[in-house]
């Protein structure tokens with residue numbers, strides 16, 4: 001496996017690839033994402049502990065959704081069991097993925113601690129289900145808005161660390177800490193492509209929201225707009241997760257028997 005550098009325009013190809021995979025198996029991709037979100041919601045009912053467990057499963061679920069994207073691209077129908085792919089590769093791979101999940105929880109905790117510098121922990125408490133809970137009144141506070149921005153800024157390097165890590169650990173046997181390093185390196189090495197990728201997805205989400213608003217306005221009711229928001233969000237989210245596969249396949253050239261190495265320019 002070799003780390004590659006790709007041109008900035010590759011970011012747009014990743015978006016198209018995610019959309020293409022989704023259109024091959026739209027019901028399966030939406031269903032898998034909805035199943036994962038349902039599991040997260042059920043676990044999150046338990047204060048603190050439930051949120052931690054839900055977060056710990058994010059890397060494993062990401063690997064499962066990426067595999068589902070591969071299957072959909074190949075014309076196969078991914079079954080719900082694909083979400084458990086990370087735990088079917090033997091005890092060593094399962095342990096490594098659980099360790100990566102623990103690192104993910106620790107990273108999220110660090111971000112919440114950073115956000116607490118601005119509001120004393122109000123945003124963090126609401127996020128994990130403690131305190132007064134998440135509400136518009138809470139989010140309108142100046143200090144909570146500052147905390148939100150701090151968390152978002154911290155999320156940029158955090159997401160780069162974990163972007164490729166689930167696939168490196170689950171599919172290629174890279175050690176968890178080492179996978180974070182190579183994930184960050186891949187994102188930095190291809191920052192132009194990732195910048196265009198994120199801007200492209202932002203345009204897609206904003207365009208979808210504007211379209212829903214226009215349709216609802218033309219048909220004369222805001223209730224229709226609220227009704228359409230959820231399915232639109234599910235579709236776009238499923239496409240987004242499907243596109244992660246494209247970014248990984250471009251950033252890492254798989255060569256059987258060759259360990260992960262430095263960038264190939």
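What about residue 158, is it out of contact with any strand residue (DSSP E or B) (no Cβ under 6 Å at 6 or more places or on another chain), assigned to a helix (DSSP H, G or I) and in contact (Cβ under 8 Å) with a residue 60 or more places away in the chain? It is false that residue 158 is out of contact with any strand residue (DSSP E or B) (no Cβ under 6 Å at 6 or more places or on another chain), assigned to a helix (DSSP H, G or I) and in contact (Cβ under 8 Å) with a residue 60 or more places away in the chain. Of the residues in the range 136-143, not one is touching a strand residue (DSSP E or B) at 6+ places or on another chain (Cβ under 9 Å) and either farther than 16 Å from residue 108 by Cα or touching a residue at least 60 places away in the same chain (Cβ under 8 Å) (or both). Condition first: modelled with pLDDT under 85 and under 19 Å from the mean Cα position of the chain (by Cα). Can you find one or more residues in the range 174-183 that meet it? No, because not a single residue in the range 174-183 is modelled with pLDDT under 85 and under 19 Å from the mean Cα position of the chain (by Cα).
Residue 211 falls short on exactly one of the conditions (1) over 20 Å from residue 10 (Cα atoms); (2) assigned to a helix (DSSP H, G or I); (3) touching a residue at least 60 places away in the same chain (Cβ under 8 Å), and that condition is (3).
Evaluation of residue 136 against the conditions (1) loosely packed, with under 14 Cβ neighbours inside 10 Å; (2) within 23 Å of residue 167 (Cα to Cα) shows that the sole unmet condition is (2).
Being at pLDDT 85 or above and either more than 19 Å from residue 172 (Cα to Cα) or in contact with a helix residue (DSSP H, G or I) (Cβ under 7 Å, 6 or more places away or on another chain) (or both) is the requirement here; does residue 77 meet it? In short, yes.
Considering only the range 71-105, state which residues are assigned to a loop (DSSP other than H, G, I, E, B) and surrounded by 19 or more Cβ atoms within 10 Å (Cβ to Cβ). Working first, answer last.
Of the range 71-105, the ones assigned to a loop (DSSP other than H, G, I, E, B) are 74-79, 88-90.
Residue satisfying the conditions is 78 alone.
Note on the range 25-67: residues that are crowded, with 19+ Cβ neighbours inside 10 Å and either on the phi > 0 side of the Ramachandran plot or outside any helix (DSSP H, G or I) (or both) amount to 2. Of the candidates 61, 84, 96, 56, the single residue that is without any contact (Cβ under 8 Å) to a residue 40 or more places away in the chain, out of contact with any strand residue (DSSP E or B) (no Cβ under 7 Å at 6 or more places or on another chain) and farther than 30 Å from residue 196 by Cβ is 84.
The values are calculated or read from the model by the stated rules, or taken from the named source; none is laboratory data. Quick caveat, the model's predicted, so the values are computed rather than measured. Note that we place each Cβ from the backbone using ideal geometry, even for glycine, and neighbour counts take in every protein chain shown.
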